[in-house]
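The values are calculated or read from the model by the stated rules, or taken from the named source; none is laboratory data. Note that the coordinates shown come from a computational prediction; the quantities given were computed from them, not determined experimentally. Heads up, the Cβs are rebuilt from the backbone with ideal geometry, glycines too, and the neighbour counts pull from every protein chain shown.
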Amino acid sequence: MKITDKDGKTLSPFQTIDKVTNRAQNTLLEIELMILEVVGWIPLSLLRTILYRIAGISMGSRSVINRGARLYNPERISIGKDSIIGEGAVLDGRDDLTIGSHVDIASQVMIYNSEHNVHDPLFKAIEAPVKIGDYVFIGPRAIILPGVTIGNGAVVGAGAVVTKDVTPFSIVGGVPAQKIGERKIKKLSYQLRRKGLLDFICG
């Protein structure tokens with residue numbers, strides 16, 4: 001029996017095993033995504049946080065991921081303490097995603113660290129880590145693309161598409177995002193959330 005790929009090329013036994021292994025890995029990934037999506041709709045933030053930590057996300061004390069978030073490769077996602085991830089956010093862990101402490105990420109923000117190379121004949125993916133510093137605010141429906149670093153205290157306006165690094169305390173907006181201002185306060189010490197039961201249970 002001859003086995004072929006999607007382009008009709010005949011596959012050797014080793015190539016066939018490789019294809020089957022890749023398909024199995026993709027299926028397991030889809031199952032993981034489905035489970036995480038279900039977890040994302042649990043109405044108790046305490047239970048969601050415990051399950052996210054079990055799934056591999058590093059989350060500091062008083063941090064919360066609100067309902068409806070979509071997560072990829074949770075074991076490569078790290079969130080500092082006292083940070084808030086808004087409803088319906090996308091957190092991409094296909095490369096390292098590091099979110100600092102006291103970070104406020106609004107609803108439906110999408111953070112990606114993998115995208116297709118439109119200049120590659122095979123349309124291969126490009127992956128690069130994303131790092132978000134402490135005391136950053138990211139407005140609703142902003143998009144952060146692979147390889148971006150957002151400095152401490154920076155502000156990303158609603159709907160902005162961030163394609164390059166944002167310097168500390170800068171305010172950026174637009175498509176693509178450009179600097180439109182500077183945050184006046186440089187010494188930041190606010191807390192976003194009160195100490196809750198989860199801090200006593202999970203540290």
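Do you know which residues across the stretch 94-108 are among the hydrophobic types (A, V, I, L, M, F, W, C) and more than 9 Å from the chain's Cα centre (by Cα)? Talk me through it step by step, then tell me what you get.
As a first pass, look at the stretch 94-108 and keep what is among the hydrophobic types (A, V, I, L, M, F, W, C): 97, 99, 103, 105-106.
Result: 103, 105, 106.
Checking residue 115 against (1) under 16 Å from the mean Cα position of the chain (by Cα); (2) surrounded by fewer than 16 Cβ atoms within 10 Å (Cβ to Cβ); (3) in a loop (DSSP other than H, G, I, E, B): exactly one of these is not met. Which one?
It is condition (3) that residue 115 fails.
Given the condition modelled with pLDDT of 75 or more and among the small types (Gly, Ala, Ser), answer yes or no: does some residue in the stretch 30-53 qualify? Don't jump to the end; show me each part of the working.
Initial filter on the stretch 30-53 (modelled with pLDDT of 75 or more): 30-53.
Narrowing further to those that are among the small types (Gly, Ala, Ser): 40, 45.
The answer is yes; a qualifying residue exists.
If I ask for residues that are in a loop (DSSP other than H, G, I, E, B) and closer than 17 Å to residue 65 by Cβ, which ones from the stretch 89-112 would you list? Lay out the reasoning, then the answer.
Taking the stretch 89-112 and keeping what is in a loop (DSSP other than H, G, I, E, B), we get 89, 93-96, 100-103, 106-109, 112.
Once the filter is applied, which keeps residues that are in a loop (DSSP other than H, G, I, E, B) and closer than 17 Å to residue 65 by Cβ, the stretch 89-112 yields 89, 93, 100, 101, 102, 103, 106, 107, 108, 109, 112.
List every residue pair whose Cβ atoms sit under 6 Å apart, with the two residues 6 or more apart in sequence or on different chains, where the first one lies in the stretch 138-149 and is closer than 13 Å to residue 96 by Cα and the second, anywhere, is crowded, with 19+ Cβ neighbours inside 10 Å and polar (S, T, N, Q).
Short answer, once both residue conditions are applied: 146/113.
Could you grab me the full set of residues in the stretch 24-49 that are surrounded by fewer than 17 Cβ atoms within 10 Å (Cβ to Cβ), aliphatic (A, V, I, L, M) and in a helix (DSSP H, G or I)?
24, 28, 29, 31, 33, 34, 35, 38, 46, 47
Residues checked against (1) surrounded by fewer than 21 Cβ atoms within 10 Å (Cβ to Cβ); (2) in a loop (DSSP other than H, G, I, E, B); (3) free of Cβ contacts under 8 Å to residues at least 12 places away in the same chain:
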{"site": "68", "(1), (2), (3)": "yes, yes, no"}
{"site": "71", "(1), (2), (3)": "no, no, no"}
{"site": "78", "(1), (2), (3)": "yes, no, no"}
{"site": "81", "(1), (2), (3)": "yes, yes, no"}
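Out of all the residues in the stretch 50-63, which are surrounded by fewer than 21 Cβ atoms within 10 Å (Cβ to Cβ) and touching a strand residue (DSSP E or B) at 6+ places or on another chain (Cβ under 7 Å)? Working first, answer last.
Of the stretch 50-63, the ones surrounded by fewer than 21 Cβ atoms within 10 Å (Cβ to Cβ) are 50-51, 53-56, 58, 60-61.
Once the filter is applied, which keeps residues that are surrounded by fewer than 21 Cβ atoms within 10 Å (Cβ to Cβ) and touching a strand residue (DSSP E or B) at 6+ places or on another chain (Cβ under 7 Å), the stretch 50-63 yields 53, 58, 60.
Using the structure shown, decide if residue 181 is small (Gly, Ala, Ser) and outside any loop (DSSP other than H, G, I, E, B).
Details: small (Gly, Ala, Ser): yes; outside any loop (DSSP other than H, G, I, E, B): yes.
For residue 181, the condition - small (Gly, Ala, Ser) and outside any loop (DSSP other than H, G, I, E, B) - is met.
Being under 19 Å from residue 108 (Cα atoms) and part of a loop (DSSP other than H, G, I, E, B) is the filter here; which residues of the stretch 152-178 pass it?
154, 157, 158, 159, 160, 163, 174, 175, 176, 177
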